[in-house]
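Worksheet: one structure, shown below.
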Amino acid sequence: MYAVIKTGGKQYKVAPNDLLRVEKLDAAAGDAVVFDEVLVVGDGDEISLGAPNVDGASVAGEVVAQMRDRKIVVFKKKRRKNYRRTRGHRQHLTVVKITDILTGGAKPKAAKKTQEPKADKPAKAADAEPLFTAPDGEPDDLKKISGVGPALEKKLHGLGITQYAQIAAFTADDVARVDDALSFKGRIERDDWIGQAKALAADADD
């Protein structure tokens with residue numbers, strides 16, 4: 001059995017269990033959707049043509065995912081006008097799995113929602129295992145380093161970083177590990193934490 005439906009200004013030939021990419025629908029993954037614009041329904045040699053739609057026919061589906069199509073590049077140019085414009089575009093699409101083709105005014109069956117197991121929450125930086133061994137003694141005031149506030153200082157303590165001397169002695173591998181643990185994306189080098197820590201450590205020794 002198959003049907004031809006219309007959605008998003010386009011027509012699609014579908015059958016049960018087909019995966020279909022259509023223009024974006026206002027629905028989340030797992031939601032049930034119904035296409036009421038059914039132009040043709042075919043079942044073996046029997047074909048029903050709509051005028052324009054087949055009376056009492058609909059197609060039920062389930063949203064699998066929201067996605068974006070491949071990028072296209074639109075280039076515009078006007079001769080002898082020094083005019084050039086390049087624009088990229090990625091169309092929003094919805095992936096739908098066709099579950100049933102209904103005729104005679106039948107309604108789609110209510111989908112049973114299966115409760116998905118809750119994913120484990122990622123460990124917070126403050127709760128993460130220490131990357132370094134905190135030295136003995138009172139911790140330095142890491143908030144004196146530009147860009148470090150009370151919350152970030154607590155996260156650094158959780159990683160075992162408590163003193164200026166530790167930051168001043170960071171190697172490239174140490175910077176990469178802290179960047180990865182705290183999702184800094186180059187912040188340590190950008191704000192020159194190592195240089196600031198060396199200066200603060202020198203002032204503390206004076």
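The numbers here are math on the coordinates, done by the rules we state, and not lab data. The structure displayed is predicted, hence computed values, not measured ones. Positions of Cβ are backbone-derived with ideal geometry, glycine not excepted, and every protein chain shown enters the neighbour counts.
Summary table below
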read-out: Principal axes of segment 125-205: Cα extent on each, largest first, Å; value: 30, 27, 22
read-out: Percentage relative contact order, segment 2-102, counting C-alpha pairs under 8 Å, at least six apart; value: 33 percent
read-out: Net charge dipole size for segment 125-205 [Lys, Arg +1 and Asp, Glu -1 on Cβ; Debye, nearest 20]; value: 300 debye
read-out: Pairs beyond 26 Å (Cα-Cα), from 6/107; 10/81; 13/109; 6/78; 24/97; value: 10/81; 6/78
read-out: Exposure proxy ranking, count of Cβ atoms within 10 Å, fewest first, for 164, 2; value: 2, 164
read-out: Placed amide H near residue 33: partners under 5 Å, 5+ positions off or other chain; value: 61, 62, 63
read-out: Options 149, 137, 163, ranked by Cα towards positive dipole end of the chain, top entry (Cβ charges); value: 149
read-out: Relative contact order [Cα under 8 Å, 6+ residues apart], segment 125-205, whole percent; value: 34 percent
read-out: Value of [θ]222 nm, deg cm²/dmol, for the chain, DSSP H segments ≥ 4, -39500 (n - 2.57) each, nearest 500; value: -5500 deg cm²/dmol
read-out: Value of D in µm² per second that Stokes-Einstein yields for the chain, Kirkwood Rh from Cα pairs, at 20 °C (1.002 mPa s); value: 93 µm²/s
read-out: Selected from 63, 15, 89, residue furthest toward positive end of dipole (the chain; charges at beta carbon); value: 89
read-out: Relative contact order %, the chain, counting alpha carbon pairs below 8 Å whose residues are six or more apart; value: 16 percent
read-out: Sorted peptide list for 133-141, 96-104, criterion being average Cβ within 10 angstrom, highest first; value: 96-104, 133-141
